[in-house]
Amino acid sequence: MLKKHTHGVFMKDPKTKKKRYRVKITVVRTTKTSEFWGDKLPVTAEMDDQCSIFREGQEFVIEAFRPKVPQGFCSWAWRDLLQIITALRCGADFPWTKEEATSLHCCTDGWRPVFFRLERIEDC
């Protein structure tokens, strides 16, 4: 049974609150600067049109205890996702998703954001 916790997050039974889970991160979509801005960038910039770090379909598994930034993972994207990773690791679910143990988020790159699916792995 889920119980509402602070900030609209739902937690599993309090008896299991010390359990930690692994989290799988999947890159579901990379975007291009031109998708958002066309040829009219509001600021002059020189950069790749698409994120050079992530590819669609890439997967990363975050361990249940002592999570670390996966090798090759963008440090900015890690910071953007860390609070969601932590919530899922601790057993939280989100009221805005129909699937338990899952959420969709993007990094805060205003030029070419990358979208990630985060899933709690409950087999550990």
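Quick notes
Here is a yes/no grid of residues against (1) free of Cβ contacts under 8 Å to residues at least 12 places away in the same chain; (2) in contact with a strand residue (DSSP E or B) (Cβ under 8 Å, 6 or more places away or on another chain):
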residue	(1), (2)
PHE73	no, yes
ARG79	yes, no
PRO95	no, yes
THR102	no, yes
GLU122	no, no
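- Residue satisfying all of: in the stretch 39-74; small (Gly, Ala, Ser) and either within 16 Å of the chain's Cα centre (by Cα) or modelled with pLDDT of 85 or more (or both); farthest from ARG120 (Cα to Cα) among these: SER52
- Per-region count, the stretch 83-124, residues among the hydroxyl-bearing types (Ser, Thr, Tyr), surrounded by 15 or more Cβ atoms within 10 Å (Cβ to Cβ) and touching a helix residue (DSSP H, G or I) at 6+ places or on another chain (Cβ under 8 Å): 1
- Residue check for GLY38: at positive phi and either touching a residue at least 12 places away in the same chain (Cβ under 8 Å) or among the hydroxyl-bearing types (Ser, Thr, Tyr) (or both): no
- The set of residues in the stretch 56-78 that are under 23 Å from LYS19 (Cα atoms) and in a helix (DSSP H, G or I) contains only TRP78.
The values are calculated or read from the model by the stated rules, or taken from the named source; none is laboratory data. This structure is a prediction, so every number in the text was calculated from the model and none was measured. We place every Cβ from the backbone using ideal geometry, glycine too, and count neighbours over all the protein chains shown.
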